[in-house]
Amino acid sequence: MKNNTNRPFLFLKIFIILVTLFATHSYANEDEKVQLSLISDSQFVGAGSTLLLGLRAKLAPHWKTYWRSPGVAGYELKLNWEGSRNIKSTKMLWPLPRHVATQMGSVNAYEGDTVFPLLVEIMDPTQPVHALVQVDMLVCDESNCLPIMETLTLDLPAGTKVESTHAPLLHLALSKVPTLNPLDDKGKNPFLIEKVEISGIHDSPPTLQITLSKTSGSFSQHDLPELFLEMKDLLVDSPRVSLSKDQKSALYTASVYADTNRKPISLPGLVGKT
(Lines give C-alpha, C1' and ligand atoms only; values in the text may rest on other atoms or scores of the structure.)
Protein backbone atom coordinates (compact mmCIF):
# COMPACT_ATOMS: atom_id res chain seq x y z
CA MET A 1 0.00 0.00 0.00
CA LYS A 2 1.44 3.34 -1.05
CA ASN A 3 1.54 6.53 0.92
CA ASN A 4 -0.22 9.24 -1.02
CA THR A 5 -0.62 12.83 0.11
CA ASN A 6 -4.24 12.59 1.23
CA ARG A 7 -4.36 8.94 2.19
CA PRO A 8 -3.53 7.42 5.56
CA PHE A 9 -0.44 5.23 5.51
CA LEU A 10 -1.13 1.65 6.51
CA PHE A 11 1.47 -1.00 7.08
CA LEU A 12 0.03 -4.51 7.07
CA LYS A 13 1.93 -7.49 8.37
CA ILE A 14 0.56 -10.92 7.61
CA PHE A 15 1.93 -13.95 9.35
CA ILE A 16 0.72 -17.12 7.66
CA ILE A 17 1.25 -20.22 9.73
CA LEU A 18 0.56 -23.66 8.37
CA VAL A 19 -1.10 -25.93 10.91
CA THR A 20 1.44 -28.58 10.00
CA LEU A 21 17.80 -18.51 34.67
CA PHE A 22 18.36 -16.68 36.74
CA ALA A 23 15.36 -14.67 38.03
CA THR A 24 15.88 -12.24 40.88
CA HIS A 25 12.23 -11.30 41.19
CA SER A 26 8.91 -12.89 40.38
CA TYR A 27 5.36 -11.82 41.09
CA ALA A 28 2.09 -13.63 41.71
CA ASN A 29 -0.88 -11.28 41.86
CA GLU A 30 -3.16 -11.63 44.83
CA ASP A 31 -5.72 -13.63 42.88
CA GLU A 32 -2.96 -15.77 41.37
CA LYS A 33 -4.30 -15.36 37.83
CA VAL A 34 -0.76 -14.87 36.53
CA GLN A 35 2.76 -15.33 37.87
CA LEU A 36 5.37 -13.07 36.30
CA SER A 37 9.15 -13.39 36.34
CA LEU A 38 12.12 -11.87 34.52
CA ILE A 39 14.64 -14.51 33.41
CA SER A 40 18.00 -14.67 31.59
CA ASP A 41 19.75 -17.34 29.54
CA SER A 42 23.01 -16.53 31.37
CA GLN A 43 24.07 -16.14 35.00
CA PHE A 44 26.51 -13.36 34.04
CA VAL A 45 26.64 -10.47 31.58
CA GLY A 46 29.25 -12.10 29.32
CA ALA A 47 31.39 -10.38 26.69
CA GLY A 48 28.76 -9.63 24.06
CA SER A 49 26.73 -6.48 23.47
CA THR A 50 23.32 -8.21 23.63
CA LEU A 51 21.62 -10.17 26.40
CA LEU A 52 18.80 -12.65 25.95
CA LEU A 53 16.24 -12.10 28.68
CA GLY A 54 12.64 -13.18 28.89
CA LEU A 55 9.37 -12.20 30.49
CA ARG A 56 7.72 -15.38 31.74
CA ALA A 57 3.95 -15.30 32.30
CA LYS A 58 2.40 -18.37 33.91
CA LEU A 59 -1.36 -17.97 33.54
CA ALA A 60 -3.93 -19.79 35.61
CA PRO A 61 -6.21 -22.26 33.77
CA HIS A 62 -8.84 -20.53 31.56
CA TRP A 63 -7.02 -17.16 31.76
CA LYS A 64 -5.26 -15.48 28.84
CA THR A 65 -3.26 -12.41 27.87
CA TYR A 66 -2.91 -10.76 24.47
CA TRP A 67 -0.71 -10.52 21.39
CA ARG A 68 0.44 -7.11 20.05
CA SER A 69 -2.66 -7.07 17.80
CA PRO A 70 -5.29 -8.56 20.14
CA GLY A 71 -8.32 -8.64 17.85
CA VAL A 72 -11.86 -7.95 19.02
CA ALA A 73 -10.95 -7.38 22.67
CA GLY A 74 -8.06 -6.91 25.08
CA TYR A 75 -4.87 -4.88 24.74
CA GLU A 76 -1.27 -5.74 24.03
CA LEU A 77 1.30 -6.35 26.75
CA LYS A 78 3.56 -3.31 27.25
CA LEU A 79 6.92 -2.91 28.98
CA ASN A 80 8.70 0.17 30.40
CA TRP A 81 12.43 -0.14 31.15
CA GLU A 82 12.89 3.22 32.90
CA GLY A 83 15.12 2.82 35.93
CA SER A 84 17.35 0.12 34.40
CA ARG A 85 21.13 0.51 34.46
CA ASN A 86 23.70 -0.39 31.77
CA ILE A 87 20.92 -0.99 29.24
CA LYS A 88 20.98 0.89 25.93
CA SER A 89 17.90 -0.49 24.17
CA THR A 90 15.44 -3.38 24.28
CA LYS A 91 13.38 -5.32 21.76
CA MET A 92 10.47 -7.55 22.69
CA LEU A 93 9.78 -10.58 20.49
CA TRP A 94 6.32 -12.12 20.20
CA PRO A 95 5.85 -15.91 20.03
CA LEU A 96 3.04 -17.15 17.83
CA PRO A 97 -0.29 -16.63 19.64
CA ARG A 98 -3.47 -18.68 19.29
CA HIS A 99 -6.92 -17.78 18.01
CA VAL A 100 -8.96 -18.05 21.21
CA ALA A 101 -12.77 -17.96 21.08
CA THR A 102 -14.49 -15.50 23.46
CA GLN A 103 -18.03 -14.19 23.90
CA MET A 104 -17.07 -11.17 21.74
CA GLY A 105 -15.39 -13.26 19.04
CA SER A 106 -11.92 -14.60 18.32
CA VAL A 107 -8.87 -12.96 19.92
CA ASN A 108 -5.14 -13.44 19.43
CA ALA A 109 -3.95 -14.56 22.83
CA TYR A 110 -1.64 -16.66 25.01
CA GLU A 111 -2.64 -19.23 27.59
CA GLY A 112 -0.71 -21.36 30.05
CA ASP A 113 3.06 -20.82 30.45
CA THR A 114 4.41 -18.28 27.91
CA VAL A 115 7.87 -16.72 27.59
CA PHE A 116 8.35 -13.47 25.66
CA PRO A 117 12.02 -13.21 24.51
CA LEU A 118 13.69 -9.85 25.16
CA LEU A 119 16.78 -8.76 23.22
CA VAL A 120 18.61 -6.29 25.45
CA GLU A 121 21.52 -4.22 24.12
CA ILE A 122 23.88 -3.19 26.90
CA MET A 123 26.22 -0.22 27.16
CA ASP A 124 29.29 -1.84 28.75
CA PRO A 125 29.73 -5.64 29.01
CA THR A 126 32.43 -5.19 31.64
CA GLN A 127 29.85 -3.76 34.06
CA PRO A 128 26.91 -5.42 35.85
CA VAL A 129 23.38 -5.00 34.50
CA HIS A 130 20.35 -3.97 36.52
CA ALA A 131 17.16 -4.64 34.56
CA LEU A 132 13.99 -3.02 35.87
CA VAL A 133 10.84 -3.49 33.83
CA GLN A 134 7.35 -2.21 34.54
CA VAL A 135 4.78 -4.64 33.12
CA ASP A 136 1.38 -3.43 31.91
CA MET A 137 -0.83 -6.31 30.81
CA LEU A 138 -4.41 -7.49 30.82
CA VAL A 139 -5.46 -11.01 31.77
CA CYS A 140 -8.99 -12.27 31.16
CA ASP A 141 -11.16 -15.35 31.51
CA GLU A 142 -14.60 -15.81 29.93
CA SER A 143 -16.32 -13.26 32.19
CA ASN A 144 -13.65 -11.19 33.98
CA CYS A 145 -10.60 -9.10 33.15
CA LEU A 146 -7.82 -8.06 35.51
CA PRO A 147 -5.26 -5.34 34.68
CA ILE A 148 -1.76 -6.18 35.90
CA MET A 149 0.80 -3.42 36.52
CA GLU A 150 3.89 -4.74 38.27
CA THR A 151 7.63 -4.08 38.43
CA LEU A 152 10.18 -6.87 37.96
CA THR A 153 13.94 -6.67 38.49
CA LEU A 154 16.92 -8.77 37.44
CA ASP A 155 20.58 -8.24 38.36
CA LEU A 156 23.38 -9.84 36.36
CA PRO A 157 26.99 -9.48 37.56
CA ALA A 158 29.82 -8.88 35.11
CA GLY A 159 31.70 -12.00 34.10
CA THR A 160 32.04 -14.79 31.56
CA LYS A 161 28.75 -16.09 30.21
CA VAL A 162 27.48 -19.23 31.92
CA GLU A 163 24.14 -20.68 30.81
CA SER A 164 21.37 -20.53 33.38
CA THR A 165 18.71 -23.15 33.97
CA HIS A 166 16.33 -20.93 31.98
CA ALA A 167 18.38 -21.08 28.75
CA PRO A 168 16.46 -24.03 27.19
CA LEU A 169 13.15 -22.32 27.96
CA LEU A 170 14.27 -19.09 26.28
CA HIS A 171 15.64 -20.87 23.21
CA LEU A 172 12.34 -22.73 22.85
CA ALA A 173 10.48 -19.39 23.06
CA LEU A 174 12.71 -17.97 20.30
CA SER A 175 11.78 -20.88 18.04
CA LYS A 176 8.11 -19.91 18.39
CA VAL A 177 8.61 -16.37 17.06
CA PRO A 178 7.25 -16.18 13.46
CA THR A 179 9.75 -15.41 10.70
CA LEU A 180 9.15 -13.10 7.75
CA ASN A 181 8.42 -14.26 4.18
CA PRO A 182 7.06 -17.71 5.05
CA LEU A 183 5.77 -18.11 1.48
CA ASP A 184 9.25 -18.07 -0.07
CA ASP A 185 9.46 -21.84 0.29
CA LYS A 186 6.86 -22.99 -2.24
CA GLY A 187 7.58 -26.62 -1.48
CA LYS A 188 6.28 -26.30 2.07
CA ASN A 189 3.63 -23.67 1.38
CA PRO A 190 1.98 -24.43 -2.00
CA PHE A 191 -0.26 -21.36 -2.06
CA LEU A 192 0.10 -17.65 -2.67
CA ILE A 193 -1.47 -14.35 -1.67
CA GLU A 194 -3.66 -13.55 -4.66
CA LYS A 195 -5.24 -10.31 -3.43
CA VAL A 196 -5.21 -7.92 -0.46
CA GLU A 197 -7.69 -5.05 -0.43
CA ILE A 198 -10.06 -3.01 1.72
CA SER A 199 -13.73 -3.11 0.75
CA GLY A 200 -16.85 -1.27 1.86
CA ILE A 201 -16.45 2.40 0.96
CA HIS A 202 -19.78 3.16 2.65
CA ASP A 203 -19.27 0.71 5.53
CA SER A 204 -18.17 1.62 9.00
CA PRO A 205 -16.09 -0.29 9.76
CA PRO A 206 -14.60 -1.23 6.37
CA THR A 207 -13.36 -4.78 5.76
CA LEU A 208 -9.87 -6.07 5.06
CA GLN A 209 -10.03 -8.90 2.49
CA ILE A 210 -7.22 -11.35 1.80
CA THR A 211 -7.48 -14.09 -0.83
CA LEU A 212 -5.15 -17.07 -0.77
CA SER A 213 -4.94 -19.39 -3.78
CA LYS A 214 -3.57 -22.89 -4.13
CA THR A 215 -0.77 -23.33 -6.65
CA SER A 216 -1.85 -26.96 -6.98
CA GLY A 217 -4.61 -29.06 -5.49
CA SER A 218 -7.27 -27.49 -3.28
CA PHE A 219 -7.90 -26.33 0.27
CA SER A 220 -10.07 -28.18 2.76
CA GLN A 221 -11.64 -27.08 6.02
CA HIS A 222 -9.02 -29.16 7.82
CA ASP A 223 -5.84 -27.66 6.35
CA LEU A 224 -6.58 -23.93 6.04
CA PRO A 225 -3.65 -21.62 6.90
CA GLU A 226 -4.03 -19.47 10.01
CA LEU A 227 -3.74 -15.70 9.48
CA PHE A 228 -2.66 -13.30 12.22
CA LEU A 229 -3.24 -9.71 11.10
CA GLU A 230 -2.02 -6.34 12.26
CA MET A 231 -2.27 -2.86 10.78
CA LYS A 232 -0.18 0.10 11.86
CA ASP A 233 -2.12 2.42 14.20
CA LEU A 234 -5.39 0.54 13.58
CA LEU A 235 -7.23 -2.40 15.12
CA VAL A 236 -8.04 -5.36 12.91
CA ASP A 237 -10.21 -8.25 14.07
CA SER A 238 -9.23 -11.90 13.84
CA PRO A 239 -10.26 -13.01 10.35
CA ARG A 240 -13.25 -15.06 9.24
CA VAL A 241 -12.61 -17.48 6.37
CA SER A 242 -14.71 -18.95 3.55
CA LEU A 243 -13.77 -21.32 0.72
CA SER A 244 -14.55 -20.85 -2.97
CA LYS A 245 -16.81 -23.42 -4.65
CA ASP A 246 -13.85 -25.18 -6.26
CA GLN A 247 -11.89 -24.90 -2.95
CA LYS A 248 -8.86 -23.54 -4.81
CA SER A 249 -8.99 -20.21 -2.98
CA ALA A 250 -9.84 -19.04 0.53
CA LEU A 251 -11.17 -15.59 1.40
CA TYR A 252 -10.26 -14.12 4.80
CA THR A 253 -12.20 -11.06 5.98
CA ALA A 254 -11.69 -8.85 9.04
CA SER A 255 -13.22 -5.57 10.18
CA VAL A 256 -10.91 -2.59 10.67
CA TYR A 257 -11.30 -0.01 13.47
CA ALA A 258 -9.59 3.23 14.43
CA ASP A 259 -8.32 1.99 17.80
CA THR A 260 -8.76 -0.55 20.56
CA ASN A 261 -12.01 1.17 21.58
CA ARG A 262 -13.41 -0.12 18.27
CA LYS A 263 -14.16 3.40 17.05
CA PRO A 264 -15.59 3.26 13.49
CA ILE A 265 -13.31 4.48 10.72
CA SER A 266 -13.64 5.35 7.04
CA LEU A 267 -10.86 4.54 4.57
CA PRO A 268 -12.21 5.68 1.17
CA GLY A 269 -8.73 6.38 -0.20
CA LEU A 270 -7.73 2.75 0.33
CA VAL A 271 -10.87 0.89 -0.72
CA GLY A 272 -10.09 -1.33 -3.70
CA LYS A 273 -6.35 -0.63 -3.54
CA THR A 274 -3.93 -3.56 -3.41
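With R₀ set to 30 Å, the beta-carbon distance separating Ser89 from Asn144 gives a calculated FRET efficiency near 0.25. The length gained on full extension between Ser49 and Thr153, counted as 0.36 nm times the residue separation minus their Cα-Cα distance, comes to 35.5 nm. Residues Ile193, Ile198, Ile87, sorted by accessible area with the largest first, give Ile193, Ile87, Ile198 [1.4 Å probe; ligands and nucleic acids excluded].
Between His171 and His130, the C-beta separation translates, for a Förster distance of 22 Å, into a calculated FRET efficiency of about 0.35.
Please label the shape of segment 97-244 as rounded, prolate or oblate, based on the square roots a ≥ b ≥ c of the eigenvalues of the alpha-carbon gyration tensor (a/c under 1.5 means rounded; beyond that, a/b larger than b/c means prolate, else oblate). Note, shape of segment 97-244 comes out prolate. Taking only alpha carbon atoms, segment 71-162 gives an Rg to Rh ratio of 1.07, where Rh is the Kirkwood radius. For the residue pairs Lys232/Lys263; Lys91/Lys161; Lys214/Lys245; Lys33/Lys161, alpha carbon separations beyond 23 Å are given by Lys33/Lys161.
By a 1.4 Å probe calculation restricted to protein chains, Glu82 has an accessible surface near 140 Å², given to the nearest 10. The stretch between Arg68 and Thr160 holds 29.7 nm of extra length on full extension. This uses 0.36 nm per residue minus the Cα-Cα distance. Modelled label positions at Lys78 and His222, each set 7 Å beyond Cα in the direction of Cβ, lie 4.5 nm from each other.
The values are calculated or read from the model by the stated rules, or taken from the named source; none is laboratory data. Owing to the predicted nature of the structure, the values given are computational and were not obtained by experimental measurement. Positions of Cβ are generated from backbone atoms using ideal geometry, with glycine treated the same way; all protein chains shown enter the neighbour counts. Protein only, heavy atoms only, side chains kept; ligands, DNA and RNA dropped before computing areas. Shrake-Rupley method; radii C 1.70, N 1.55, O 1.52, S 1.80 Å.
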